Amino acid sequence: MKIEPKSIKVRDIFEGYTDNGDDGVFAYGSKLAIRPAYQREFVYDTEQAEAVIHTILKGFPLNVMYWVKVGNDQYEVLDGQQRTLSVMQYLQHKFPITLDDKKYYWDALPDDKYNAIMNYDFMIYICEGNESEKLDWFKVVNIAGEKLTDQELRNSVYTGEWLSDAKRYFSKRNCVAKGLSDRYITGDPNRQELLEKALKGICDNQGIKDITEYMAAHKSDSDADELWQYFQDVIRWAEKIFPKYYSDMKGLDWCHLYNKYHSNSYNSSVMNTEVKRLHEDEDVQKTKGIYEYLLCKDFDPFAGRLLNLRAFDKRDKLAAYSKQDGICPICGQHFEFNEMEGDHIKPWSKGGHTTPDNCQMLCKDCNGKKTDKY
């Protein structure tokens, strides 16, 4: 890993500064991507941005910034994006600063103040190395300011056409992936959380252990069509299997559910009826578990655990224990109360409910061996 410290004046960085919106923000004679295409938007507020300018005017040091070398004399900002953009936007007449109780845009500054900004040196570490070296190093230095997320760190390493296309779908608040999945999947596209969830899903689907393995394999691809198609398939499958939307669907790991169950056949009308019934069932305490329960109940005898079904209270269990004289009805042995557990006589899965007349006490061993407990 090669790390080169460098001092670069603001005037040199500002040369050729352009803000192309979704297509990125560039400077330093077009050699520096301050904000690569479809990367996180500027997040400093005016007060924070003005504080950066005052720090420069006082000659105080800003924290060290990190650039990644991504090509021959081409760089991307890894750490320092907000500070750099604050200066660039001030020099673009985007906001004023206050000096001696007066507002000053850059073109109204006294010459000495203007020159103090333009001649100010940014202290920069330029990082160059192979992908694994850079990722390890970036994790170490990610200690100042607004920390980069794991996916933002990966994005800083696996740059290329594939990543730019992936960001087009999964980055920014109004991206198409957000619009498609907002009712189902949580995550801030600006912080690359939506992209990370899609990547985790497709890696799990393809038996790939780590996101970096997938990104490395596809780094040189011309597009991210495979990832985008997979993500669309996940959401369309969820909409098809569960045609009526419920608010507790949001935040579930739909990629995981798709990967695990999409090859099975389901009747959407039956699923719709069952979802409604389970929402109305007072024994179901975890409604978010309803969807996976319905997907796996026919082949998982312990699927009921997903619903966190209401348990018998102590009063009901004591009444059943007394009625049974402490005898387990399965093995016929006598046990102390604390050696037994409440159980549904008629399993919940067959219409039984958590009511006193449906309660029996089984010894822990027999209860543990009972196959249809729900």
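Has the range 122-138 got any residue that is closer than 23 Å to residue 216 by Cα, touching a Pro at 6+ places or on another chain (Cβ under 7 Å) and hydrophobic (A, V, I, L, M, F, W, C)? No, that holds for no residue. The residue list 306, 252 contains one member that is part of a loop (DSSP other than H, G, I, E, B), in contact with a helix residue (DSSP H, G or I) (Cβ under 8 Å, 6 or more places away or on another chain), under 30 Å from residue 179 (Cβ atoms) and among the hydrophobic types (A, V, I, L, M, F, W, C), which is 252.
Of all residues in the range 48-65, those satisfying the criterion of being under 22 Å from residue 191 (Cβ atoms) and out of contact with any helix residue (DSSP H, G or I) (no Cβ under 6 Å at 6 or more places or on another chain) are 48, 63, 65. Of all the residues in the range 277-298, those that are under 23 Å from residue 185 (Cβ atoms) and part of a helix (DSSP H, G or I) number 12. Residues of the range 278-306 that are without any contact (Cβ under 8 Å) to a residue 24 or more places away in the chain and exposed (fewer than 12 other Cβ atoms within 10 Å of the Cβ): 280, 298, 299.
When the residues of the range 177-221 are filtered to those that are surrounded by fewer than 16 Cβ atoms within 10 Å (Cβ to Cβ) and under 16 Å from the mean Cα position of the chain (by Cα), the one that is farthest from residue 155 (Cα to Cα) is 183.
Pairing residues of the range 322-343 that are among the aromatic types (Phe, Trp, Tyr) with residues that are assigned to a loop (DSSP other than H, G, I, E, B) and surrounded by 15 or more Cβ atoms within 10 Å (Cβ to Cβ), at Cβ distances under 9 Å and at least 6 apart in sequence or on separate chains, gives 335/326; 335/328; 337/326.
Scoring residue 334 on the criteria (1) over 43 Å from the mean Cα position of the chain (by Cα); (2) within 30 Å of residue 265 (Cα to Cα); (3) of a type outside the set (Val, Ile, Thr) leaves a single failure, condition (2). If you check 165, 223 for being under 23 Å from residue 21 (Cα atoms), in contact (Cβ under 8 Å) with a residue 24 or more places away in the chain and touching a Ser or Thr at 6+ places or on another chain (Cβ under 8 Å), only one passes: 165. The sole residue among 269, 263 that is part of a loop (DSSP other than H, G, I, E, B), small (Gly, Ala, Ser) and outside the structural domain of residue 350 (by TED's automatic domain parsing) is 263.
The values are calculated or read from the model by the stated rules, or taken from the named source; none is laboratory data. What you are looking at is a predicted structure, and each value in this text was computed from that prediction instead of being measured. Positions of Cβ are backbone-derived with ideal geometry, glycine not excepted, and every protein chain shown enters the neighbour counts.
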